[in-house]
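S.K.: First the structure, which I've put down as structure tokens, then a few questions once you've had a look.
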Protein chains: 2
Amino acid sequence: MDDIGHKDRPEHEGIVVRAARIQDVAKLADVSTATVSRALATPERVSPEARARVLEAIAKTGYVPNPAARTLRSQKTYMVLVVLPDLANTFFSKILRGIEETLFEAGYGMIISDLDGSPEKEAHFAAFTAAGRVDGAILLNGHLFGQSREGEGNPARITIPLVALCEGIPGADIPQIEIDNRAAASRMTQHLASLGHRSIAYVSGPPGNILERERFQGFKDGLAASGLPFDPGLLIAGDYTIESGMRAGQDIVVRQDRPTAVFCTSDEMAIGLMRTLFSAGLSIPTDISVAGFDDIEFAAVAEPALTTIRQPRRELGQAAASALIDLLQGRSSPKRIRLETELVIRDSVAPL
Amino acid sequence: MDDIGHKDRPEHEGIVVRAARIQDVAKLADVSTATVSRALATPERVSPEARARVLEAIAKTGYVPNPAARTLRSQKTYMVLVVLPDLANTFFSKILRGIEETLFEAGYGMIISDLDGSPEKEAHFAAFTAAGRVDGAILLNGHLFGQSREGEGNPARITIPLVALCEGIPGADIPQIEIDNRAAASRMTQHLASLGHRSIAYVSGPPGNILERERFQGFKDGLAASGLPFDPGLLIAGDYTIESGMRAGQDIVVRQDRPTAVFCTSDEMAIGLMRTLFSAGLSIPTDISVAGFDDIEFAAVAEPALTTIRQPRRELGQAAASALIDLLQGRSSPKRIRLETELVIRDSVAPL
DNA sequence: GTGAAAGCGCTAACAC
DNA sequence: GTGTTAGCGCTTTCAC
């Protein structure tokens, strides 16, 4: 730093010059700074000659507008916050990519916050958002800021556009982008039943989770539609992780009266569960059928290949980003967007 | 917007008030704005009484400093850019989490850019970085901005602190955080050889990739150390993806003279390859041993469980973030940090 | 269509 | 230890 905090930029080898500002461009193009600004933001309001001179000057100086100054003045950051419960969960990566590419095309950047179950982090990002560092946010964590613990008093209120993705937020008046979890779970259950399975175990997601509630409803719907009774004894607690799937497998292995099929509400759990069943000497699907949910990359290459429900993850991300961009640019957005799922039949489920 | 672009904040039901600024706090605490600023940045330089009044006023007003104004003035963004080749690759998620948590603790936010093989995106983020939107960057993509296509002329030069993670950047004079790929690959090769395997196939990463170059060297080292000849016929081209692993499996299946072990340089490829071998009726490790690299989550639950090299992914992320923070705060950082890997022995490799 | 000038909210230099 | 003030770089009235 040679100067009061300016960014430096080597122009010629060894000679350090401060970065070009709008004034430099204006001077070079022989116009006012206002015209430079307009040439960039609203070219149609600038004469072609002036515009050409400005563009040339920009090219010559390598001018890039200072975003902090722009934000300070215009109150727009062109940044979107994406709130995740867990960045290390592979389920999110394709969704993130869908979000990122759509945001990118519209000129928005993406800031990721991994809540990691930490209320401090959540408070931090709530403040961050309230401070105007982002124009909008996409919430994948199933609740609004500050709603994790109810009735905790209100921190700085968030007034920017918000969109909920995957995990709907019941009370919130914001666009919700999701799949029909209930219908999908019902479909899988009916598929299992149609193959002759009458004793179908259900490995749940975390208690209270909205996806879990919907999928569980779907499971019961499917049972009912197939004329099967609901047996609470066939419910096994899980939390969508590989580890909980392995634990669920233990549970099943030790039962004297084993179910003939297991519906795991995530592929991770299904893969973990299959691991445990194998280790116990069972074979799939001969001894027991296993179904998953999500269709992550590894579902197709698992041994046996996993029968599951495909979620259009990339499209979900794209749809959420599009909805948010609509809001950001003053357009309206449908309150609920539901994308189609697909029953993917592979080898882990067989007729009884 | 009721006003010239100010952010609004509901204070009481229905009444909308603009967000508190430093002046509001100063007035309420009966000090100057400078004192408020100091009370936040350098509390030790403010009298305890003044500080207490300021803190109280901040609590009362719900004041959150405007980051754009702060950045404009101080030339610091407290943002770090993380450049990834592919966000959807599950290998990165745990690394990202390591980065994020370390950055977060130090008060930095993280902006993710998924290059996605697109030169336009790369140019965009180079400009983005040059424009001063971030204080530093962590590069996971194996090259500096603008170096993807050589001799393409120089866009705005990046002068902020940079750190390379996982994929080293040979010519660059920046801290490199990585594992010893060569030693790890050599170790796995020797492990295979020690079990009696003399015909070991090698499934490579993308050509030209630095990880691939190092691991390939390690493979040859390991062969040499075990007294085995190097046979180019046992090299199979891959690119670290599941799909390329499946293709490599096809290659192996059709050989009349099959290798007895396959060293895949990513777990994804190993899992894909096992899928193909299974489908062809081979059993692992009875007919053929398969080894991976990385120890992703699914390696332990694959069937059979995958013998592989564990990379400390979270720690890699943390180390890179720490190194960058050191640079950002004017401290120096070692030019090369190498974290330990571990040979994880599971069931996919057996003695000949 | 263009320019002058105000000012976004903050920090840092300087004076006391 | 504290206040005054300039000004970071831009956009946006307002006047012409």
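The values are calculated or read from the model by the stated rules, or taken from the named source; none is laboratory data. Since we're looking at a predicted model, the values are computed, not measured. Every residue, glycine as well, gets a Cβ built from its backbone with ideal geometry; the counts of neighbours run over all protein chains shown. Side chains included, ligands, DNA and RNA excluded: accessible areas come from the protein's heavy atoms. Shrake-Rupley method; radii C 1.70, N 1.55, O 1.52, S 1.80 Å.
S.K.: Could you tell me how many degrees, from 0 to 90 and to the nearest 10, lie between the Cα long axis of helix A:181-194 and the main elongation axis, the longest principal axis, of the Cα atoms of chain A?
M.R.: 30 degrees
S.K.: Moving on. Taking region B:276-341, which GluC sites (Glu not before Pro) meet the DSSP loop condition and have no more than 15 other C-beta atoms within 10 Å?
M.R.: B:Glu340
S.K.: I need the peptides A:255-261, A:190-196 ranked by packing, meaning the mean over residues of other C-beta atoms within 10 angstrom, with the highest value on top.
M.R.: By packing density, highest mean first, the sequence is A:190-196, A:255-261.
S.K.: Name the chymotrypsin sites (Phe, Trp or Tyr not before Pro) in region B:197-240 that are in a loop by DSSP and that have at most 16 other C-beta atoms within 10 Å, would you?
M.R.: Qualifying residues, ordered by number: B:Phe230.
S.K.: Now, a different point. Please give the FRET efficiency for B:Ala123 paired with A:Lys27, using the beta carbon to beta carbon distance and R0 = 41 Å, rounded to the nearest 0.05.
M.R.: With R0 = 41 Å, the Cβ-Cβ based efficiency is 0.95.
S.K.: How big, on average over all directions, is the shadow cast by the Cα convex hull of region B:210-252, in nm²?
M.R.: 3.3 nm²
S.K.: Taking the solvent-accessible surface of protein heavy atoms with a 1.4 Å probe, what is the per residue accessible area of the protein assembly as shown in Å²?
M.R.: 43 Å²
S.K.: Something else: Summarise the partner chain shielding of B:94-102 as one whole number: the mean count of Cβ atoms from other chains within 10 Å of each residue's Cβ.
M.R.: 4
S.K.: Percent of accessible area on region B:172-290 owned by carbon and sulfur, 1.4 Å probe?
M.R.: So the carbon and sulfur contribution to the accessible surface is 52 percent.
S.K.: Determine ³J(HN,Hα), in whole Hz, for all residues of region A:77-94 in sequence, where each value follows from phi through the Karplus function 6.51 cos²θ - 1.76 cosθ + 1.60 and θ = phi - 60°; x replaces Gly and Pro.
M.R.: Running phi through 6.51 cos²θ - 1.76 cosθ + 1.60 with θ = phi - 60° gives 9, 6, 10, 10, 9, 10, 9, 10, x, 7, 5, 7, 6, 5, 4, 7, 4, 6 Hz.
S.K.: Straight-line reach from A:Lys121: which lysines fall under 21 Å, measuring Cα to Cα and dropping same-chain residues less than 8 apart?
M.R.: Straight-line reach from A:Lys121, under 21 Å: B:Lys94.
S.K.: Would you pull out the residues with amide H under 5 Å of A:Val82's amide H, same chain only if 5 or more places away, H placed 1.01 Å from N?
M.R.: HN-HN under 5 Å from A:Val82: A:Ile111, A:Ile112, A:Ser113, A:Ile138.
S.K.: With contacts defined as alpha carbon pairs under 8 Å and 6 or more residues apart, what's the relative contact order of region B:55-117 in percent?
M.R.: Computed value for region B:55-117: 41 percent relative contact order.
S.K.: Along the charge dipole of chain B, which of B:Gln318, B:Ala52, B:Leu235 sits closest to the positive end, that is, farthest toward it, with unit charges on the beta carbon of Lys, Arg, Asp and Glu (+1, +1, -1, -1)?
M.R.: B:Ala52
S.K.: Given a 1.4 Å probe and heavy atoms of the protein chains only, how would you sort B:Ser93, A:Ser74, largest accessible area at the top?
M.R.: The ranking, largest first, comes out as A:Ser74, B:Ser93.
S.K.: At 10 °C and 1.306 mPa s, grab the translational diffusion coefficient of region B:21-158 from Stokes-Einstein with a Kirkwood Rh over Cα pairs, rounded to a whole number in µm² per second.
M.R.: Value of D from the Cα-based Kirkwood radius: 90 µm²/s.
S.K.: Within straight cross-link reach of B:Lys220, meaning Cα distance under 29 Å, which lysines are found once same-chain residues fewer than 8 apart are removed?
M.R.: In chain and number order, the partners are B:Lys335.
S.K.: Kindly provide the Kirkwood hydrodynamic radius of region A:216-318 in Å, to one decimal, from all pairs of distinct alpha carbon atoms.
M.R.: 14.2 Å
S.K.: Under a Cβ-Cβ cut-off of 13 Å, what is the net charge of the residues other than B:Asp221 that fall near it, where Lys and Arg count +1 and Asp and Glu count -1?
M.R.: +3
S.K.: Would you kindly calculate the mean projected area, averaged across all directions, of the convex hull enclosing the Cα atoms of chain B, in square nanometres?
M.R.: 23.8 nm²
S.K.: Just want to confirm a number: the relative contact order over chain A, from Cα pairs under 8 angstrom separated by 6+ residues, in percent.
M.R.: Computed over chain A, the figure is 16 percent.
S.K.: Tell me: how much accessible area in total is hidden between A and B, 1.4 Å probe, Å², nearest 100?
M.R.: 5500 Å²
S.K.: Something else now. If you wrap region A:11-73's Cα atoms in a convex hull and average its projection over all directions, what's the area in nm²?
M.R.: The Cα convex hull of region A:11-73, projected and averaged over all directions, gives 4.6 nm².
S.K.: If we restrict to alpha carbons, what Rg and Dmax does the protein assembly as shown come to, in Å?
M.R.: Using the Cα atoms of the protein assembly as shown, the pair Rg, Dmax is 28.2, 88 Å.
S.K.: Counting Lys and Arg as +1 and Asp and Glu as -1, what is the net charge of the other residues whose Cβ lies under 9 Å from the Cβ of B:Phe293?
M.R.: Summing Lys and Arg as +1 and Asp and Glu as -1 gives -2.
S.K.: Which of the aspartates and glutamates could be linked to B:Lys60 by a straight reach, that is with a Cα gap under 13 Å, when you skip same-chain ones fewer than 8 residues away?
M.R.: B:Glu11, B:Asp24
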